[in-house]
Structure formats: C-alpha cells, structure tokens
1. Got at least one residue in the range 227-243 being touching a His at 6+ places or on another chain (Cβ under 8 Å), open to solvent by 10 Å² or more (accessible area, probe 1.4 Å) and either assigned to a loop (DSSP other than H, G, I, E, B) or of a type in the set (S, T, Y) (or both)?
2. Among the candidates M158, M174, which residue alone is modelled with pLDDT of 95 or more and closer than 29 Å to A112 by Cα?
3. From (1) without any contact (Cβ under 8 Å) to a residue 24 or more places away in the chain; (2) closer than 25 Å to P272 by Cβ, pick out the condition that doesn't hold for L82.
4. I'd like to verify a number: residues in the range 170-184 that are within 19 Å of I269 (Cβ to Cβ) and part of a loop (DSSP other than H, G, I, E, B), how many?
5. Filter the range 93-109 down to residues that are over 18 Å from L196 (Cβ atoms) and touching a Lys or Arg at 6+ places or on another chain (Cβ under 8 Å), then give me how many there are.
6. Go through the residues of the range 124-134 one by one and say whether even a single one is open to solvent by less than 30 Å² (accessible area, probe 1.4 Å) and either charged (D, E, K, R) or in contact with a Leu (Cβ under 6 Å, 6 or more places away or on another chain) (or both).
7. Being open to solvent by 50 Å² or more (accessible area, probe 1.4 Å) and under 21 Å from N93 (Cα atoms) is the filter here; which residues of the range 198-226 pass it?
8. Mind listing just one residue for me: the one in the range 52-79 that is under 16 Å from D42 (Cα atoms) and assigned to a helix (DSSP H, G or I) and, of those, most open to solvent (accessible area, probe 1.4 Å)?
Amino acid sequence: MTTMSNGPVRSPHPAGTGAVEDAGSPLPFVPLSFRDFMLFEDHVTAASRAIARRYVPRASRIAAAYELLARRTFPKFRPPALWYEQPIYYFGNHLTFVASGTPIAAPAYADALDYELELGFVIDKPLRDASPEEATAAIAGYVVLNDCSARNVQVREMRSGFGPQKSKHFLSSMSSELIPAASIDDPHDLTAGVSLNGAPITTTSTRRPRHTIAEALAFASRGVQLYPGELFGTGTLPGGSGVESGHLLAPGDVLELSIDRIGTIRHTITAPGEAP
C-alpha cells in the first residue's frame, strides 16, 4: 500500500522506476474513484467537428456551410452554456485502468479505438467545500492519463442525456510514476505530445483551460466529501485525441502519449480479443 500524507492511496505494487516501460509496468496507485473534467474548449470544438464529419456526414456538411458563411463556430460544436459557468465532469470507471506497456484493444462493439491525452491528479488529503488554495494543497501528484473512447458508441450515448457509458468505461490507462505535486511549479504550463508508430502527430499543452485544476477540484468538493486516493483528469488536451488528428488506432499501431516532466504512456494496439 502506498501511503500519502493524510491517508492511503492503494497500490498493489511499488511505483515504476521510469515513465515508460516496454511491458506491463505497475500502476503507481490504484484510484479510489475517477472523475474526468472537460477543461479545454479547443478540444471540445475540434472533436465535435471531427466526430460529426465521421459519423453524421450530412449534418457535418450543413455545419461546414454555416461556419463558412457565418465565420464562427457552429453552435452545436461549442460546449453547453453550463460549461462556461462551472467545471463539468463525468464519473469514469476506476476499475479498468491499465499501466503503460499493456497491450490494448478496442471492445468488440467499437468500430475503432481512440485515445485521449490528459493530465491526471490524485489527492492525498480529505476535502469538502474547499477553496482553490485548499484544493491545490491536497494534490499529491500528477500522472499522464489516457481516456480511451469508442466514438461510434459515444455519439449515441451522448444523445441520451446521461453522458458516456460503454463508450468510455471499458478502458483507461496512466503513466507508471506519480510525479509529486511539489515538483511541478505550474501544471498549466506543460508541453505534451502524441506519437504514433514513432512519428510525432500532435504537439499540445496544458495551457489555457477554461477553469484551473484548483478551481475544478474545489468545485468537485462542493457539498461532497472527497477522500485520499480519488483521481481526477483535466479532460483531453487540445488536439490530444485521434479523432481530432485523423489517427484513430488500428491493430499493430504503437501509441505514445507524453507530458513533459510528468511521463509517457506507451501501448501496442492489438485486435479485439487479443489484449489481456
């Protein structure tokens, strides 16, 4: 068990010695829960546009014509009004995290596997009705997160009004080392990138979120008791998904997701049914 200052963060193994392992490095901790925010507007608009182009092409053509004539973003591609007022998040599945180096595959019901590059943070102190300053002080450290997605399923689920379900809950991953929060001066000034089969395809950063990590964590604690070991994600960094870059994953691909000073996740993509 990995012990943090004011409570335990469960871990079946000691933390890995490096940010990338070739096979099955251990998780640095086992999260008690997983809340995933959506902090970056550029990701929301670009991903919405790309998903429409792939899965609802007729509507995509109408939206493209609107954007060409109006010279502004199609309204449905923008976040909802509530997003501008407060941090929003969904509960992910904390039981399906795998470590860097683990082969991964799309579930049988997905037409393709997508990745999402995020910054993750875990707390080591209980929080309730915290200020942003108190929330910052409760962050134990940071990891790279990958919130895997089945986009064809996500399109239908988001129309239900209940948020992502089977499109997200099948798999997530994190880097193999927890980087102490005290060693990161500004979590909103980190460069990040995606490589596929050894070739860089995206350069991005943690800059310019709508709400800061401190504000998001403080909001999550409003009227709710948070416990040591709970994990949070920033949501996808701008350009940090395959649907945005035009690189959905296929069997045989080797994916690397990196955030400077935090670490790297590496996965080989296998055919459905082949991954452990």
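The values are calculated or read from the model by the stated rules, or taken from the named source; none is laboratory data. These numbers were taken from a predicted model, which means no experiment stands behind them. FYI the Cβ positions are ideal-geometry reconstructions off the backbone, even for glycines, and counts take in every protein chain you see. Areas reflect the complete protein model, heavy atoms only, side chains present, ligands, DNA and RNA absent. Shrake-Rupley method; radii C 1.70, N 1.55, O 1.52, S 1.80 Å.
1. Taking the range 227-243 as the starting set, the residues that turn out to be touching a His at 6+ places or on another chain (Cβ under 8 Å) are 231, 235-241.
After this cut, where a residue has to be open to solvent by 10 Å² or more (accessible area, probe 1.4 Å) as well, the list is 238-239.
Of the ones still in play, those that are also either assigned to a loop (DSSP other than H, G, I, E, B) or of a type in the set (S, T, Y) (or both) are 238-239.
Yes, the conditions are met somewhere in the range 227-243.
2. Numbers: M158 fails: modelled with pLDDT of 95 or more.
Only one candidate passes the filter, namely M174.
3. So L82 meets the others, but not (2).
4. Kept after step one, since they are within 19 Å of I269 (Cβ to Cβ), are these residues of the range 170-184: 170-176.
Filter once more, so that each one left must be part of a loop (DSSP other than H, G, I, E, B): 170-171, 175-176.
Qualifying residue count, the range 170-184: 4.
5. Initially, the range 93-109 is screened for residues over 18 Å from L196 (Cβ atoms), giving 93-99, 107-109.
Subset that is touching a Lys or Arg at 6+ places or on another chain (Cβ under 8 Å): 93, 107, 109.
Residues flagged as over 18 Å from L196 (Cβ atoms) and touching a Lys or Arg at 6+ places or on another chain (Cβ under 8 Å) within the range 93-109 amount to 3.
6. Here is the first cut: in the range 124-134, the residues open to solvent by less than 30 Å² (accessible area, probe 1.4 Å) are 124, 127, 130.
Of the ones still in play, those that are also either charged (D, E, K, R) or in contact with a Leu (Cβ under 6 Å, 6 or more places away or on another chain) (or both) are 124, 127.
Checked the range 124-134: at least one residue is open to solvent by less than 30 Å² (accessible area, probe 1.4 Å) and either charged (D, E, K, R) or in contact with a Leu (Cβ under 6 Å, 6 or more places away or on another chain) (or both).
7. V224, Q225
8. My answer is K76.
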